[in-house]
Amino acid sequence: MSRRIKSALALLVGNAIGLLLASLLLAGFAIKPISFIVVVIVFTLVQVVAEPLILKLGEKKAPALKGGIALIVTFVGLLVTDLITAGLTVGGISNLLAATLLVWLGALIASIVLPIYVFTELREPKKKS
């Protein structure tokens, strides 16, 4: 399996863990079990598309936001996923803000732990050919 596929799988698993964490800890935040995979894929795709756009906009308009780009991308991902899928219910602005932190934290922890224990090839720097 190529490094790119493993990176994509690690991102999907990390987002799945973050979304599960939010659905377990927040009362109004719910993901329909039958829609879980679709929600994770849509959320991840929105993040992948939004991240370079938000990063570029942040560098030009508000360079101080550079450290918070991952949180902003997670917020946008949750908001857009809630709007375009029927399987995710955020449950209000306070849940959206709390879910942003929980999903970001869950995905962050997964992105640290997964390369150590599951995708060991992702720990090593990419070798130049």
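The values are calculated or read from the model by the stated rules, or taken from the named source; none is laboratory data. Given the structure is predicted, the values throughout are model-derived calculations rather than measurements. We place every Cβ from the backbone using ideal geometry, glycine too, and count neighbours over all the protein chains shown.
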*Can you tell me which residues in the stretch 23-43 are under 14 Å from Leu78 (Cβ atoms) and either outside any helix (DSSP H, G or I) or at pLDDT below 90 (or both)?*
Leu26, Gly28, Phe29, Ala30, Ile31
*Starting from residues that are touching a Leu at 6+ places or on another chain (Cβ under 8 Å), among the aliphatic types (A, V, I, L, M) and part of a helix (DSSP H, G or I), keep the ones in the stretch 74-98 and report whichever is surrounded by the fewest Cβ atoms within 10 Å (Cβ to Cβ).*
Leu79
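Have a look at Leu108, Leu65 and point out the one that is at pLDDT below 90 and over 28 Å from Arg3 (Cβ atoms).
Details: Leu108 fails: over 28 Å from Arg3 (Cβ atoms).
Checking each option against the conditions leaves just Leu65.
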_Can you tell me which residue is surrounded by the most Cβ atoms within 10 Å (Cβ to Cβ) among those in the stretch 16-45 that are under 14 Å from Trp104 (Cα atoms) and β-branched (Val, Ile, Thr)?_
Val40
*Show the residue pairs that are 6+ apart or on different chains and have beta-carbon atoms under 7 Å apart, the first residue being within the stretch 99-117 and part of a helix (DSSP H, G or I), the second being loosely packed, with under 15 Cβ neighbours inside 10 Å.*
Leu102/Leu25; Pro115/Arg123; Ile116/Arg123
_Residue list for the stretch 85-98, restricted to those being touching a residue at least 60 places away in the same chain (Cβ under 8 Å) and among the β-branched types (Val, Ile, Thr)_ = Thr89, Val90
*Check whether at least one residue in the stretch 5-15 is assigned to a helix (DSSP H, G or I), loosely packed, with under 13 Cβ neighbours inside 10 Å and without any contact (Cβ under 8 Å) to a residue 60 or more places away in the chain, and report yes or no.*
yes
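Let's see how each residue does on (1) modelled with pLDDT under 90; (2) closer than 22 Å to Ala8 by Cβ; (3) among the aliphatic types (A, V, I, L, M):
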| position | (1), (2), (3) |
| --- | --- |
| Thr74 | no, yes, no |
| Leu78 | no, yes, yes |
| Leu83 | no, no, yes |
| Ile93 | no, no, yes |
| Leu96 | no, no, yes |
| Ile112 | yes, yes, yes |
| Pro115 | yes, yes, no |
| Arg123 | yes, yes, no |
| Lys128 | yes, yes, no |
